[in-house]
């Protein structure tokens, strides 16, 4: 895909974001788009957001469960970028008018105290580099109409990231078994989803290691102080 087309698609996604208006799937108009093309579109979208004053505060991992991989026909996760405009603290109100078609996911957020850069990063390396973990809501939100997405659409759309809400307690990774920790997601007091840490590539730290190694091939590190969302635990 040529640069003009990449820039055009990234600009269209940015316009959909700022107008809060969903658009048709990119894969409808560009059925030959590859995942690599989609990441290039994502970079254009993020360049527009950063130029408008947003600041990167972390990264997110998506498509970490086998069920979602099967749905999208892929064999590995995807990733996107978190900015200061996306982060909310526990108890802080989120205006529905700032989103298009949001969905809530329960996740584990890692706060790093040391940088991580692949290749060769292991789950043990991730845990050693982690200041602590928090319970987290990721509010995913697609700029693609009716969530009619293929993997290329969600990648281009910054892995369908909307906003995220961090819990108020930072937990030392030595004090919790992240692989077996449970998650119960409630809506107005009713349970709507359950899950466990193993839903994210077998262990949330495996997902973060995947991200560090994937970005390492691009010369990008996970930096100290960043927040890393490790993928949905819901089933």
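Quick check, is residue 185 surrounded by fewer than 19 Cβ atoms within 10 Å (Cβ to Cβ) and more than 24 Å from residue 114 (Cα to Cα)? Yes: the conditions hold for residue 185.
Taking the stretch 116-127 as the range and being over 20 Å from the mean Cα position of the chain (by Cα) and within 9 Å of residue 173 (Cα to Cα) as the test, no residue passes.
Kindly indicate the residue of the stretch 188-235 that is farther than 19 Å from residue 113 by Cβ, part of a strand (DSSP E or B) and under 16 Å from the mean Cα position of the chain (by Cα) and also modelled with the lowest pLDDT among those meeting that condition. Top of the filtered list is 234. Quick one: in the stretch 62-87, which of the residues that are surrounded by fewer than 18 Cβ atoms within 10 Å (Cβ to Cβ) and over 17 Å from residue 234 (Cβ atoms) is farthest from the chain's Cα centre (by Cα)? Here the answer is 73. Checking each residue in the stretch 177-204 for being touching a helix residue (DSSP H, G or I) at 6+ places or on another chain (Cβ under 9 Å) and over 29 Å from residue 35 (Cβ atoms) picks out 177, 180, 181, 182. For residue 214, the stated conditions hold: it is surrounded by fewer than 23 Cβ atoms within 10 Å (Cβ to Cβ) and touching a strand residue (DSSP E or B) at 6+ places or on another chain (Cβ under 8 Å).
The values are calculated or read from the model by the stated rules, or taken from the named source; none is laboratory data. None of these values were measured; they are calculated from a predicted model. So basically every Cβ, Gly included, is an ideal-geometry build from the backbone, and we count neighbours across all protein chains shown.
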